[in-house]
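K.L.:
If you scroll down you'll find the structure; I have some questions about it.
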Amino acid sequence: MSILKLKNINKTFDTKSEKVVALNDISLEVEKGDFIAIVGTSGSGKTTLLNILGLLDQKTSGDYWIEDKKIEDLTEKEIARLRNENFGFILQNYALINDYSVYDNIKIPLDYRYKKFSNHKAGRKIKDIAKNLNIGEKLKQPAKNLSGGQKQRVAIARALINDTKIILADEPTGSLDKKHTEEILEIFKELNEMGKTIILITHDEKVASICKKIVHIEDGEIVNE
Amino acid sequence: MKIFKNIKKNIFIYIFLVAILSVVLIFSSFMYKNISSVNKKNNYINSYFNIPNIYMMMTTYTLADGPYVDKLDKEYDDGGLYTFDAQLFNQADKKGIKNFGVTRQGVYASYSIEIEEVKCNKKFIQTEPQQVYQQDYPNLGIFINDLFGENIKFPIERGRNFKTKDFKEKEYLPIIAGCDYMGSFKIGDALNIKVNKGYMETEEKFVKGKIIGFLEKDTELMTYVGGSEIINANKLVLIGLSNEYKYDAGFFGVFRETLNGVVETKNPLEVEEKIMELARTMGYEGKGNIIKLSYMKDAFNDYVEFNDSSYSSYYKIFGISLVASLVITILSIYLIIRKNKYDYGVLLINGATKNKIRNSILLENLIILLIADVIGIILSLKYIGAISPLVFIGYNLVMMVIVLLTSSLILKNKKTIEFINFNEQNN
Ligand SMILES: Nc1ncnc2c1ncn2[C@@H]1O[C@H](COP(=O)(O)OP(=O)(O)O)[C@@H](O)[C@H]1O
Ligand SMILES: [Mg+2]
């Protein structure tokens with residue numbers, strides 16, 4: 001059974017001047033353990049697709065299942081819980097709260113968990129993950145003091161903290177130099193080997209090449225698989 | 001959300017908010033204090049004067065009586081002198097104006113009376129004398145003349161107020177006693193009153209009085225010999241004077257504060273003009289001062305009117321600051337949500353709901369409100385000496401509702417996608 005399934009998904013944005021078709025009849029199945037790259041030029045609809053997968057935006061039409069749960073008519077609270085329990089997000093600009101410490105940033109998904117962890121358990125988990133990602137020394141520092149590579153590691157730590165099965169990454173190396181890009185991609189590979197399902201969005205064929213599967217998207221349509 | 005981190009992040013907006021909220025609260029205390037004292041009927045006399053800066057703005061010249069003015073006593077009168085009262089007019093001795101009124105001031109400032117004998121066989125016990133006018137003269141009684149007695153309705157616990165006919169009665173002077181005497185006297189009791197005129201005259205006088213009523217407990221009266229004083233009338237007796245004692249009634253002089261204004265003219269028709277002219281040369285016109293000439297019988301209404309209009313300007317300022325605080329609160333919530341958009345987006349992608357974010361905004365503002373409350377209460381107590389718990393609670397509730405509505409509305413109208421449009425924000 002696929003872990004995520006999209007069927008005939010359409011997404012249009014109604015702007016004041018025009019109707020933008022961002023996704024056109026997208027069907028996609030993601031299996032457990034997949035490492036998929038979604039590749040396309042700027043404006044091709046990659047982010048829109050990721051937003052719909054991650055329940056950050058709503059499709060205009062079509063069907064979407066997470067495991068065997070059909071995503072339809074959910075309250076904001078149910079959506080937030082599904083998002084919290086299923087997805088870790090890693091974004092191009094890191095999406096960290098600058099004034100929070102690294103520790104507090106990593107902890108955010110735990111703050112919104114349905115079943116709360118004790119502070120002690122959360123602390124141990126955060127320290128373990130941070131240590132594995134080489135940011136164990138930085139936990140007390142405010143996020144804004146970190147370098148780009150370190151910030152993305154914090155974002156990765158945060159995506160892992162809640163033990164979600166799926167990681168959604170939107171241009172995770174887009175703001176990094178070559179050396180850090182390689183480091184981060186190495187981490188992605190390891191995570192996938194450990195069993196995480198990863199969907200990685202990029203416009204960079206080189207980055208995509210490390211993935212097991214590549215999906216090309218053009219003008220909101222999947223062109224080959 | 002880390003509430004305090006967030007408050008720190010938006011510290012300038014919040015400091016501004018605390019400032020305006022506490023100003024409104026302090027203002028509310030000020031309004032409460034003054035309005036409640038206006039409304040409390042026991043205080044109505046003092047209410048004319050309890051906002052000094054307003055009082056200072058008006059110079060009222062009151063003519064004592066009749067179509068024009070009271071003539072001075074015969075002994076001083078050279079046939080062309082007219083006296084008048086001026087609330088701010090204390091500088092008659094300058095500009096070469098003859099200063100006849102001073103003797104009267106002296107007289108009424110130094111009255112003391114004792115009640116010598118009580119008919120009906122009840123002994124009158126003089127307790128601690130009120131020493132509010134002048135340290136050296138214990139005062140138990142206040143003389144009230146007919147004009148005053150008719151114009152003012154004192155708050156009466158038992159019996160009745162003064163009536164015109166009381167002042168015509170030769171045999172017994174009408175007396176309204178403070179409530180402390182209710183145990184010792186009853187209405188109709190006759191008193192023998194010894195009058196000491198300690199300052200200018202040495203002769204002792206005896207007058208007879210009859211109790212017609214008792215004042216309500218804690219009635220407060222205003223006197224202003226040696227500065228305005230509010231006195232508690234529980235231990236006082238108010239004695240209505242017949243015409244022959246008329247000038248002695250100045251003690252409790254709402255209208256007869258100073259008798260030192262004198263103009264000289266042979267033509268009574270010119271008196272008003274002369275007084276206004278004098279006032280102008282004294283420099284009382286302009287600079288926000290209003291000069292007004294009115295007859296004594298109207299002066300009372302003039303004050304009420306003037307103070308009412310002053311209050312209405314306070315209401316206006318208070319209303320404006322209230323509305324301003326609402327607008328600023330709404331604006332600051334809008335600004336804070338805008339400023340925190342990115343952070344809220346981060347929380348949303350990690351499982352927060354907009355409701356949770358709204359709650360944290362609510363909590364932040366609750367803390368701000370509490371800080372403003374504490375500042376408001378401390379400063380109100382220190383500088384105003386009164387707070388209105390009801391107004392405080394009401395204002396807090398209104399502000400919480402405003403915060404709730406504003407934050408709900410702003411968040412509701414923003415889609416999740418708008419918060420997490422990180423690229424737009426960064427580019
Ligand atoms: N909120 C929006 N409102 C209107 N148009 C949008 C919105 N978001 C994206 N689009 C449009 O949808 C298309 C796909 O955008 P996006 O998914 O961000 O592309 P990509 O991530 O591949 O660069 C673009 O044409 C973009 O202008
Ligand atoms: Mg994109």
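The values are calculated or read from the model by the stated rules, or taken from the named source; none is laboratory data. As the structure is a computational prediction, the values presented were derived from the model and not from experiment. Please note: Cβ atoms are built from the backbone with ideal geometry, for glycine as well, and neighbour counts cover all protein chains shown.
K.L.:
Just need a number here: residues in region A:101-146 that are farther than 19 Å from A:Glu183 by Cβ, outside any loop (DSSP other than H, G, I, E, B) and aliphatic (A, V, I, L, M).
P.N.:
The number of residues fulfilling the criteria is 4.
K.L.:
Let me ask something else about it. For region B:408-427, give me the residue count where each residue is farther than 23 Å from A:Leu55 by Cβ and either away from chain A (no Cβ under 14 Å) or modelled with pLDDT of 85 or more (or both).
P.N.:
So the answer is 1.
K.L.:
Given the residues A:Ile198, A:Ile167, A:Ile184, which is the only one that is touching a Ser or Thr at 6+ places or on another chain (Cβ under 8 Å), farther than 17 Å from A:Ile126 by Cβ and in a strand (DSSP E or B)?
P.N.:
Going through A:Ile198, A:Ile167, A:Ile184 in turn, just one is touching a Ser or Thr at 6+ places or on another chain (Cβ under 8 Å), farther than 17 Å from A:Ile126 by Cβ and in a strand (DSSP E or B): A:Ile167.
K.L.:
Could I ask something else about it? In region A:153-196, how many are within 16 Å of ligand 2 (Cβ to nearest atom) and not hydrophobic (A, V, I, L, M, F, W, C)?
P.N.:
Residues flagged as within 16 Å of ligand 2 (Cβ to nearest atom) and not hydrophobic (A, V, I, L, M, F, W, C) within region A:153-196 amount to 6.
K.L.:
Please enumerate the residues belonging to region A:56-83 that are of a type in the set (A, V, I, L, M) and within 18 Å of A:Asn8 (Cβ to Cβ).
P.N.:
A:Ile66, A:Ile71
K.L.:
Going through A:Thr75, A:Thr41, A:Thr47 one at a time, which residue ends up being within 12 Å of chain B (Cβ to nearest Cβ) and within 16 Å of ligand 2 (Cβ to nearest atom)?
P.N.:
Numbers: A:Thr75 fails: within 16 Å of ligand 2 (Cβ to nearest atom); A:Thr41 fails: within 12 Å of chain B (Cβ to nearest Cβ).
Every option except A:Thr47 fails the conditions.
K.L.:
Can you tell me which residue in region A:150-174 is surrounded by the fewest Cβ atoms within 10 Å (Cβ to Cβ), limited to those that are more than 19 Å from A:Tyr100 (Cβ to Cβ) and small (Gly, Ala, Ser)? Before you say what the answer is, go through the steps one by one.
P.N.:
Just the residues of region A:150-174 that are more than 19 Å from A:Tyr100 (Cβ to Cβ), to begin with: A:163-174.
Narrowing the set further to residues that are small (Gly, Ala, Ser) leaves A:169, A:174.
Details: A:Ala169: 26, A:Gly174: 17.
The extreme case among them is A:Gly174.
K.L.:
Return only the number of the condition from (1) in a helix (DSSP H, G or I); (2) in contact (Cβ under 8 Å) with a residue 40 or more places away in the chain that B:Leu409 does not satisfy.
P.N.:
Only one criterion is unmet by B:Leu409, namely (2).
K.L.:
For region A:93-112, which positions are within 21 Å of A:Leu53 (Cβ to Cβ) and at the interface with another protein chain (Cβ under 7 Å from one of its Cβ atoms)?
P.N.:
Residues satisfying the conditions are A:Asn93, A:Ala95, A:Ile108, A:Pro109, A:Tyr112.
Quick grid of which residues meet (1) buried (at least 21 other Cβ atoms within 10 Å of the Cβ); (2) among the hydroxyl-bearing types (Ser, Thr, Tyr); (3) more than 22 Å from A:Leu200 (Cα to Cα):
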{"site": "A:Met1", "(1), (2), (3)": "no, no, no"}
{"site": "A:Lys7", "(1), (2), (3)": "no, no, no"}
{"site": "A:Ser61", "(1), (2), (3)": "no, yes, yes"}
{"site": "A:Glu67", "(1), (2), (3)": "no, no, no"}
{"site": "A:Leu91", "(1), (2), (3)": "yes, no, no"}
{"site": "A:Ile97", "(1), (2), (3)": "yes, no, yes"}
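K.L.:
Any chance you could count how many residues in region A:86-103 are closer than 30 Å to A:Glu137 by Cβ and away from ligand 2 (no atom under 16 Å from the Cβ)?
P.N.:
So the first thing to find is which residues in region A:86-103 are closer than 30 Å to A:Glu137 by Cβ, and the list is A:87-103.
With away from ligand 2 (no atom under 16 Å from the Cβ) added as a condition, the list becomes A:87-88, A:96-103.
Within region A:86-103, residues that are closer than 30 Å to A:Glu137 by Cβ and away from ligand 2 (no atom under 16 Å from the Cβ) number 10.
K.L.:
Right, here's the next one. Is it the case that A:Leu56 is within 13 Å of ligand 2 (Cβ to nearest atom), facing chain B (nearest Cβ under 10 Å) and buried (at least 21 other Cβ atoms within 10 Å of the Cβ)?
P.N.:
yes
K.L.:
Let me ask you something else. For the structure I just gave you, tell me whether A:Lys151 is away from ligand 1 (no atom under 16 Å from the Cβ) and either free of Cβ contacts under 8 Å to residues at least 12 places away in the same chain or touching a strand residue (DSSP E or B) at 6+ places or on another chain (Cβ under 6 Å) (or both).
P.N.:
Judged against the criteria, A:Lys151 is not a match.
K.L.:
Regarding A:Gly149, is this residue modelled with pLDDT under 95, more than 14 Å from chain B (Cβ to nearest Cβ) and not in a loop (DSSP other than H, G, I, E, B)?
P.N.:
Working: modelled with pLDDT under 95: yes; more than 14 Å from chain B (Cβ to nearest Cβ): yes; not in a loop (DSSP other than H, G, I, E, B): yes.
Answer is yes for this residue.
K.L.:
For region A:2-83, which fully contained strands (runs of 3 or more DSSP E) count at least 3 residues that are within 15 Å of ligand 1 (Cβ to nearest atom) and more than 19 Å from the chain's Cα centre (by Cα)?
P.N.:
A:4-14, A:19-30
K.L.:
Looking at (1) more than 14 Å from the chain's Cα centre (by Cα); (2) more than 16 Å from ligand 1 (Cβ to nearest atom), can you tell me which one A:Tyr94 breaks?
P.N.:
(1)
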